[in-house]
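The next block holds one structure in the form of structure tokens; read it before the comments.
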Amino acid sequence: MNAALLDVKSVSKSFGGVQANQNVSMQVPEGRITGLIGPNGSGKTTLFNSIVGYHPIDGGSIRFEDREISKLRVQQIARLGLLRTFQQTRIYSKMDCVKNMLISVPHRNATFSDMFKPYPPDLTEKAEHLLEFVGLYQKRHLVSGDLSFGQQKLLEFAMALMNEPRVLLLDEPTAGINPTLINGLIDRLKLANTEFGITLFVIEHNMRVIMNLADSIYCLAHGELLAHGSPDEIQGDQRVIDAYLGAH
């Protein structure tokens, strides 16, 4: 098994009297695709937010490349190469796709006026190449707010790739996407992993997608780790089946 690039140990997080995560441990091996599943309210997004610094944890440890990051700010963690996307897209809806790509690069975000300065040709070329990679090249000059929700998710994915992350956390990447686009998205995620060498950690409710995508899968329920194994093992785990059936 590949070495753990991201190592979460005994992480707990509560909000008031609500225990969102309780003693959660999991490892994301370098160069692999790791899945995270669980019923709604099981603490998946809270864990992602804690990993990237949005929520300080109450206890435990989060190590990235064997460095403790649980006390670092969001920007510091991002600069280390650990990024995430969101269930609801975070794009600049009044700007075209290329400009979204360009201003997503941190060192170009120093001041508001930087958004209106010329960008180096090689940066623009990189942005257009990645838009082609996600299937948005023909829409590169379209205002991003006019894209469909699924296309906005593809744009956000491309914006993350623009920053060359070591690990990319994807929060329900197929949610809201037209079913005809899902297979293409799966292929692009796999290519980002194999061709760009990006380690992926993916929350996904679409079981067909995660079983086809991930090398190994963790399952949370009620904020605690319920199971971990290969896709085949998870599909056959009665605890996982009961957790999902009990959620409906």
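Scan region 23-45 and give yes if some residue there is hydroxyl-bearing (Ser, Thr, Tyr), buried (at least 18 other Cβ atoms within 10 Å of the Cβ) and either in contact with a His (Cβ under 9 Å, 6 or more places away or on another chain) or in a helix (DSSP H, G or I) (or both), otherwise no.
Here is the first cut: in region 23-45, the residues hydroxyl-bearing (Ser, Thr, Tyr) are 25, 34, 42, 45.
Still in the running and buried (at least 18 other Cβ atoms within 10 Å of the Cβ): 34, 42, 45.
After this cut, where a residue has to be either in contact with a His (Cβ under 9 Å, 6 or more places away or on another chain) or in a helix (DSSP H, G or I) (or both) as well, the list is 42, 45.
Scanning region 23-45, I find at least one residue that is hydroxyl-bearing (Ser, Thr, Tyr), buried (at least 18 other Cβ atoms within 10 Å of the Cβ) and either in contact with a His (Cβ under 9 Å, 6 or more places away or on another chain) or in a helix (DSSP H, G or I) (or both), so the answer is yes.
All but one of (1) surrounded by fewer than 16 Cβ atoms within 10 Å (Cβ to Cβ); (2) without any contact (Cβ under 8 Å) to a residue 24 or more places away in the chain; (3) not in a helix (DSSP H, G or I) hold for residue 164, so report the exception by its number. Residue 164 satisfies all of (1) surrounded by fewer than 16 Cβ atoms within 10 Å (Cβ to Cβ); (2) without any contact (Cβ under 8 Å) to a residue 24 or more places away in the chain; (3) not in a helix (DSSP H, G or I) except (2).
Number of residues in region 167-214 that are farther than 16 Å from residue 134 by Cβ, among the aliphatic types (A, V, I, L, M) and in a loop (DSSP other than H, G, I, E, B): the value is 2. Annotation note: Cβ proximity below 8 Å between a residue of region 121-139 that is in a loop (DSSP other than H, G, I, E, B) and a residue that is among the aromatic types (Phe, Trp, Tyr) (sequence gap 6+ or interchain) occurs for 134/157.
Scanning region 196-215 for residues that are under 22 Å from residue 80 (Cβ atoms) and more than 13 Å from the chain's Cα centre (by Cα) gives 196, 197.
Each reported figure results from applying straightforward, stated rules to the coordinates on display, with no laboratory input. The shown structure was predicted, so the numbers you read here are calculated from the model rather than taken from an experiment. Please note: Cβ atoms are built from the backbone with ideal geometry, for glycine as well, and neighbour counts cover all protein chains shown.
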